[in-house]
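Asker: Okay, handing you the structure first.
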Amino acid sequence: MPFATVRGIRLIYDIRGHGTPVLWIHGFPLGRWLWDPQVEALGAVARSIAVDLRGFGGSSVPEGSYTMDSYAADLRGLLDILGIDQAVLAGLSMGGYVAFAFYAAYPERVRGLILADTRHQADTPEVRANRYAVIERIRAEGTRAAVEAFLPRLFGGTTQRERPERVETLRRKMMTNPAAGLIGALQAMAERPDRTDLLPSIRVPTLVIVGEEDAVTPPDVARQMAEGIPQARVVVIPRAGHLANVEAPEAFNEAVWAFLQELAK
Ligand code: MLT
């Protein structure tokens, strides 16, 4: 399994396919496996790099505080090591928060953005307080507490009814994340800045994708976000919730494929 030593830590990643470099950034409490339905299917148009962020999966779990900026700096270091000048950043949910931090710090390294099931706003006080409550539960009960808190909100009603096995498969994968990394990520999300002011300064083609049944970052939020970004378009994926790329991979991949083809012209 390839890994890179970046900023003193080890990052595990997969790299596959040919074409425009796409750096896939997973959400919470997920891992690089989130993107399995994309990496293979888009192999003819994308050179995909799917990475476990620090504190997730097989990557290092360093001590200290985690921030969106530190995740972004790790990813820039990974692109440096791979010799990739510019990549499309594709982030789902927390991955989108990381993509915003990356664009704010290193816009010259970004060829385009795919913002899936994510939001530009910071946490409300209620959401922030809930994250700290989940942190306390993880301290007491371990990774299971994070999985139990988040899993019910991740999938749309259609998937929960018609494909419960997909929910179970992901539950097992989520359980492999180390508790300390999940605590770090919850803190990073709770303290992340609002990105409303960044939106008009995003000068790259941007694809906003959202599941029609996404209750965490609903279609209205996606539309509002896209309205703020000069070169953005929105695709709403039917019969999918917050994990639109897993719940409706064909429709998701079709949107990404068209976006990458357009970029390559
Ligand atoms: C995620 O999917 O990454 C998280 O649900 C995002 C969040 O809690 O804000």
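The values are calculated or read from the model by the stated rules, or taken from the named source; none is laboratory data. Bear in mind the structure is a predicted one, so any value in this text is a computation, not a measurement. Methodologically, a virtual Cβ is constructed for each residue, glycine included, from the backbone with ideal geometry; neighbour enumeration extends over all protein chains shown.
Asker: When Pro29 is evaluated against the numbered criteria (1) in contact with a Phe, Trp or Tyr (Cβ under 8 Å, 6 or more places away or on another chain); (2) over 14 Å from Val256 (Cβ atoms); (3) part of a helix (DSSP H, G or I), which criterion, by number, is the only one it fails?
Answerer: For Pro29, the exception is condition (3).
Asker: If only one of Ile15, Ile81 is surrounded by fewer than 24 Cβ atoms within 10 Å (Cβ to Cβ), of a type in the set (A, V, I, L, M), outside any helix (DSSP H, G or I) and more than 15 Å from the ligand (Cβ to nearest atom), which one is it?
Answerer: After ruling out the rest, the residue left standing is Ile15.
Asker: If Arg10 satisfies all but one of (1) within 16 Å of the ligand (Cβ to nearest atom); (2) part of a strand (DSSP E or B), what's the number of the condition it fails?
Answerer: The number of the failed condition is (1).
Asker: Within the range 136-152, is even one residue within 12 Å of the ligand (Cβ to nearest atom), over 17 Å from the mean Cα position of the chain (by Cα) and free of Cβ contacts under 8 Å to residues at least 40 places away in the same chain?
Answerer: yes
Asker: What pairs can you find where one residue is in the range 54-78 and touching a residue at least 24 places away in the same chain (Cβ under 8 Å) and part of a loop (DSSP other than H, G, I, E, B), the other is aromatic (Phe, Trp, Tyr) and surrounded by fewer than 21 Cβ atoms within 10 Å (Cβ to Cβ), and their Cβ atoms are less than 9 Å apart, with a gap of 6+ or different chains?
Answerer: Gly57/Trp33; Gly58/Phe3; Ser59/Phe3
Asker: Shifting gears a bit: If you scan the range 180-212, which residues turn out to be of a type in the set (Asp, Glu) and under 18 Å from the mean Cα position of the chain (by Cα)?
Answerer: Across the range 180-212, the qualifying residues are Glu191, Asp194, Glu212.
Asker: Turning to a different aspect of this structure: Test of understanding: among Trp35, Trp24, which residue is in a helix (DSSP H, G or I), within 15 Å of the ligand (Cβ to nearest atom) and among the hydrophobic types (A, V, I, L, M, F, W, C)?
Answerer: From the options Trp35, Trp24, the qualifying one is Trp35.
Asker: Inspect all residues belonging to the range 176-194 and state whether any of them is touching a helix residue (DSSP H, G or I) at 6+ places or on another chain (Cβ under 7 Å), more than 14 Å from the ligand (Cβ to nearest atom) and among the basic types (Lys, Arg).
Answerer: No.
Asker: So, in the range 116-150, how many residues would count as being surrounded by fewer than 19 Cβ atoms within 10 Å (Cβ to Cβ) and either modelled with pLDDT under 95 or not in a helix (DSSP H, G or I) (or both)?
Answerer: 5
Asker: Next up: Could you pull out every one of the helices (runs of 4 or more DSSP H) wholly within the range 158-247 that has 3 or more residues that are aliphatic (A, V, I, L, M)?
Answerer: Those helices (runs of 4 or more DSSP H) span 164-174, 179-190, 219-228.
Asker: Moving to a separate point now. Across the range 164-181, what is the number of residues that are touching a residue at least 12 places away in the same chain (Cβ under 8 Å) and either farther than 16 Å from Leu92 by Cα or of a type in the set (Gly, Ala, Ser) (or both)?
Answerer: Residues that pass the stated criteria total 11.
Asker: Taking the range 84-115, which residues are away from the ligand (no atom under 15 Å from the Cβ), assigned to a helix (DSSP H, G or I) and within 13 Å of the chain's Cα centre (by Cα)?
Answerer: Phe102 - this is the single residue of the range 84-115 that is away from the ligand (no atom under 15 Å from the Cβ), assigned to a helix (DSSP H, G or I) and within 13 Å of the chain's Cα centre (by Cα).
Asker: Additional query: Would you point out which residue out of Ser60, Ser48 is closer than 26 Å to Pro230 by Cα, in contact with a Lys or Arg (Cβ under 6 Å, 6 or more places away or on another chain) and away from the ligand (no atom under 16 Å from the Cβ)?
Answerer: Unique residue meeting the criteria: Ser48.
Asker: With respect to Gly55, is the statement that it is away from the ligand (no atom under 15 Å from the Cβ) and on the phi > 0 side of the Ramachandran plot true?
Answerer: Answer is no for this residue.
Asker: Scan the range 235-265 for residues that are closer than 21 Å to Gln121 by Cβ, surrounded by 19 or more Cβ atoms within 10 Å (Cβ to Cβ) and more than 16 Å from the ligand (Cβ to nearest atom) and report the count.
Answerer: 1
Asker: In the range 116-135, which residue that is under 21 Å from Asp52 (Cα atoms) and more than 9 Å from the ligand (Cβ to nearest atom) is nearest to the chain's Cα centre (by Cα)?
Answerer: So the residue we want is Ala116.
Asker: Looking at the range 210-227, which of its residues are within 21 Å of Ala104 (Cβ to Cβ) and surrounded by 18 or more Cβ atoms within 10 Å (Cβ to Cβ)?
Answerer: Thr217, Val221, Ala222, Met225, Ala226
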